[in-house]
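The values are calculated or read from the model by the stated rules, or taken from the named source; none is laboratory data. No experiment lies behind these values; they were computed from the predicted model shown. Please note: Cβ atoms are built from the backbone with ideal geometry, for glycine as well, and neighbour counts cover all protein chains shown. Just so you know, the surface numbers come from the protein's heavy atoms only, side chains and all, with ligands and any DNA or RNA stripped out. Shrake-Rupley method; radii C 1.70, N 1.55, O 1.52, S 1.80 Å.
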Amino acid sequence: MATVLACRFLTGPGAEQREQALCEQGKPWDKLYQTLLQADDREERRWRRRHGSTSYDWTGRGGTAVWRARRRVDLEYFEDWLVERTRNDPAVGVMEEPASPGWLLRIPPAWLAHAPTPTASGPYTAWAAQGRLLAFPYRNRQAFWPLLHSEDAPGHHPVPGFEPIAAAAAGLRPGQILGFIEAVLIDWNHTFTKEPHLRIALDVPADQACRFGFITTEDQHRLMAAARTATLQIMDDFITQAADDGASALYLHKLREARGNARAFHRLTRSYPTHKRPKFLVPRASWTWPGRSVAAELVAGAPPELLQWLATAAHRRSSLILEQAMQVAWQRAFDQYGFRM
């Protein structure tokens, strides 16, 4: 009703006088208000309510807006943690739910960040340009990470061997670098006392895992066969659901013909009514990464090719988990108004 009143009386000719009446809350405003409430024409009232309100339900969008605001606060905390910590500070932090997925970040204790004043950037900018470390916006200046304290002279120097990880961040916008650093520090093998709402794991495609020597060719074929079996089961479930929903015989025949061809089957699912369509996701043959963070792999001496690939995959995976976390916030914003027994 407030939206309808605002759209009708606070826009167009006479808006200033009506706004004044609203501010004074006197008889003129009461008269306008009662006239709208007591309108006899039901269809006119219905039209006014629709015309005066947006076509979107902002409840879910409000939930995601709150999530994004909290996520920004989490990132501010994270960048402060990076820049202000010393070698004696804890090397573990948790990005807590609900604004973050609840993953644990584990940084090598000696790794530090430094945010010099613009006039005292020294060699840091050159090191970032050479791909030896990363630069990200911090307050009104730039911060550089990761660095080590120089033992033989004042100041810092880049972490040796960090170049492959920095190369994985090439092409990212400055505002994305902090999220990339977060992904590099995620402990993918942490055991949670309370299981998080989202699955926090890094899945390596079976062919990549075999190429890096983590699994055998037989393991790869076994994973591919399991993924194939799961895909066929999902297709069968979709066909059963379509039949239960009363799909035409022709459509069911096309689905059965396409069974086994993931691309053709997916094209057919897109013609299914959107509000009834079950999710159709093809499982990938993958192997769950048993290691900890990308940073820990660098400290352990992992080869450069693996480090660059892991950093890219960790950032991609963490970005997807964050999107899923925001979607959960969207759903919860609607669920709070759901029917309760």
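Observations
- Between L198, L148, the distinction of being surrounded by 13 or more Cβ atoms within 10 Å (Cβ to Cβ), in contact with a Gly (Cβ under 9 Å, 6 or more places away or on another chain) and either over 18 Å from P290 (Cβ atoms) or touching a residue at least 12 places away in the same chain (Cβ under 8 Å) (or both) belongs to L198 only.
- Which numbered condition K254 fails, given (1) under 21 Å from A227 (Cβ atoms); (2) outside any loop (DSSP other than H, G, I, E, B): (1)
- Pick from segment 168-225, criterion hydroxyl-bearing (S, T, Y) and in a loop (DSSP other than H, G, I, E, B), ranking: modelled with the highest pLDDT: T216
- Residue-level check: of (1) surrounded by fewer than 22 Cβ atoms within 10 Å (Cβ to Cβ); (2) under 16 Å from the mean Cα position of the chain (by Cα), A128 misses just (2).
- Candidate set from segment 226-247 (those that are surrounded by fewer than 15 Cβ atoms within 10 Å (Cβ to Cβ) and at pLDDT below 90); member that is nearest to P205 (Cα to Cα): Q241
- Helices (runs of 4 or more DSSP H) enclosed by segment 1-98 - at least 2 residues per element that are open to solvent by less than 90 Å² (accessible area, probe 1.4 Å), at pLDDT 80 or above and acidic (D, E): 58-84
- Filter pass, T217 being farther than 30 Å from L75 by Cα, more than 24 Å from the chain's Cα centre (by Cα) and in contact (Cβ under 8 Å) with a residue 12 or more places away in the chain: no
- Among the residues listed as A135, A167, A143, A113, the single one being small (G, A, S), in contact (Cβ under 8 Å) with a residue 24 or more places away in the chain and in contact with a Leu (Cβ under 6 Å, 6 or more places away or on another chain): A113
- Members of segment 259-287 found to be open to solvent by less than 100 Å² (accessible area, probe 1.4 Å), of a type in the set (A, V, I, L, M) and touching a residue at least 12 places away in the same chain (Cβ under 8 Å), listed by number: A262, L268, V282, A285
- Any hit, segment 105-118, residues being over 20 Å from the mean Cα position of the chain (by Cα), buried (at least 22 other Cβ atoms within 10 Å of the Cβ) and aromatic (F, W, Y): no
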